[in-house]
Amino acid sequence: MAASTYRRALQIDPSLGEIWVQYGHSLKEQGDLSSAESAYRQAMARGLDDCDVHLQLGHVLKLQNKRRHAIGAYQEAFARDRSSFDALTELQRLGWTREDFRSALSYPSKNDEGYQERSDCRPTLAVDV
């Protein structure tokens, strides 16, 4: 029911990034992981670029056993919010090491002034308990 309601709203106004995310959530709950992934990507294509949308994309990719892509999505979530406990936890579950975490913290976040994309390093983050 929720998915069809969100879909109708998106037919009226497909620019609503937040509704694409909610649509993705409802599809994921129904087990339609491929369509949920598409919905999250539509949200991003329409300008939504916060930690949560990347985190949700990571979750649905992980559920589809797309490990490498899930890690990338979680890294993007972390790049937007370095305090995201969920992104940190998921990266750790997917095999990130303490050194990976430390390395990520040594580079500026996407929200930091002067941030530039780097192709010569792998973003990581560190949590010491």
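The values are calculated or read from the model by the stated rules, or taken from the named source; none is laboratory data. Everything numeric in this text was worked out from a predicted model, so none of it was measured. Virtual Cβ from ideal backbone geometry, glycine too; neighbours counted across all protein chains shown. With ligands, DNA and RNA removed, areas are computed over all heavy atoms of the protein, side chains included. Shrake-Rupley method; radii C 1.70, N 1.55, O 1.52, S 1.80 Å.
Of note:
- Check on GLU76, open to solvent by less than 70 Å² (accessible area, probe 1.4 Å), in a helix (DSSP H, G or I), in contact with a His (Cβ under 6 Å, 6 or more places away or on another chain) and at pLDDT 90 or above: yes
The rows are residues; the columns are (1) modelled with pLDDT under 60; (2) of a type in the set (Phe, Trp, Tyr); (3) within 19 Å of VAL53 (Cα to Cα); (4) touching a Phe, Trp or Tyr at 6+ places or on another chain (Cβ under 7 Å).
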| site | (1), (2), (3), (4) |
| --- | --- |
| ARG82 | no, no, yes, no |
| PHE85 | no, yes, yes, no |
| GLU90 | no, no, yes, yes |
| ARG98 | no, no, no, no |
| PRO108 | no, no, no, yes |
| ASP120 | yes, no, no, no |
| ASP128 | yes, no, no, no |
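- Among the residues of the range 1-37, those identified as among the polar types (S, T, N, Q), outside any loop (DSSP other than H, G, I, E, B) and open to solvent by 60 Å² or more (accessible area, probe 1.4 Å) are THR5, GLN11, GLN22, SER34.
- Only one entry in ARG67, ARG41 is surrounded by fewer than 19 Cβ atoms within 10 Å (Cβ to Cβ) and under 10 Å from the mean Cα position of the chain (by Cα), namely ARG41.
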